[in-house]
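Below is one structure, written out as structure tokens; comments come after it.
The values are calculated or read from the model by the stated rules, or taken from the named source; none is laboratory data. On a predicted model such as this, the values are computed, not experimentally measured, just so you know. We place every Cβ from the backbone using ideal geometry, glycine too, and count neighbours over all the protein chains shown.
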Amino acid sequence: MARPEFESLDVYKLAERLANQVWQIVKQWDSFTKDTMGKQIVRAADSICVNIAEGRGRHNFKDNQRFIKIARGSLYEPISWLRLAYTRKLITYC
């Protein structure tokens, strides 16, 4: 079976890298922070790449376009969470 074509998309690779970096950061937080903020930021970052993959898997231009727009919108949520994490001194750069 061939690898899914979305894996070759640069935008997918960037989204996956972001999701994995967020995961590595959140893993180090205490349990309160993981439970209140960490789970949300991980889900938000993960949703970017999974929406790109799902849209590509639809094999329909309109559906793909819709999921790409959802992925673009999903990008703003982890940005906001990362700004909050920086303000709360959970990360050192944003």
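The set of residues in region 46-94 that are within 13 Å of Leu18 (Cβ to Cβ) and among the hydroxyl-bearing types (Ser, Thr, Tyr) comprises Ser47, Ser74, Tyr76.
Tally time: how many residues in region 55-76 are part of a loop (DSSP other than H, G, I, E, B) and either of a type in the set (Asp, Glu) or within 17 Å of Ala15 (Cα to Cα) (or both)?
Of the residues in region 55-76, 0 are part of a loop (DSSP other than H, G, I, E, B) and either of a type in the set (Asp, Glu) or within 17 Å of Ala15 (Cα to Cα) (or both).
Scanning region 79-94 for residues being in a loop (DSSP other than H, G, I, E, B), without any contact (Cβ under 8 Å) to a residue 40 or more places away in the chain and of a type in the set (A, V, I, L, M, F, W, C) gives a total of 1.
Number of residues in region 78-91 that are of a type in the set (D, E, K, R) and either at pLDDT below 95 or in contact with a Cys (Cβ under 7 Å, 6 or more places away or on another chain) (or both): the value is 1.
Does region 2-23 include one or more residues that are out of contact with any Cys (no Cβ under 7 Å at 6 or more places or on another chain), under 14 Å from Arg88 (Cβ atoms) and part of a helix (DSSP H, G or I)? No: region 2-23 contains no residue that is out of contact with any Cys (no Cβ under 7 Å at 6 or more places or on another chain), under 14 Å from Arg88 (Cβ atoms) and part of a helix (DSSP H, G or I). For the criterion of being in a helix (DSSP H, G or I) and of a type outside the set (Val, Ile, Thr), Ala45 passes.
Residues that are of a type in the set (A, V, I, L, M) and either closer than 18 Å to Arg83 by Cβ or more than 16 Å from the chain's Cα centre (by Cα) (or both) within region 13-68 comprise Leu18, Ala19, Val22, Ile25, Val26, Met37, Ile41, Val42, Ala44, Ala45, Ile48, listed in sequence order. The residues in region 26-57 that are in contact (Cβ under 8 Å) with a residue 60 or more places away in the chain and either closer than 27 Å to Lys69 by Cβ or among the small types (Gly, Ala, Ser) (or both) can be counted, and the count is 0.
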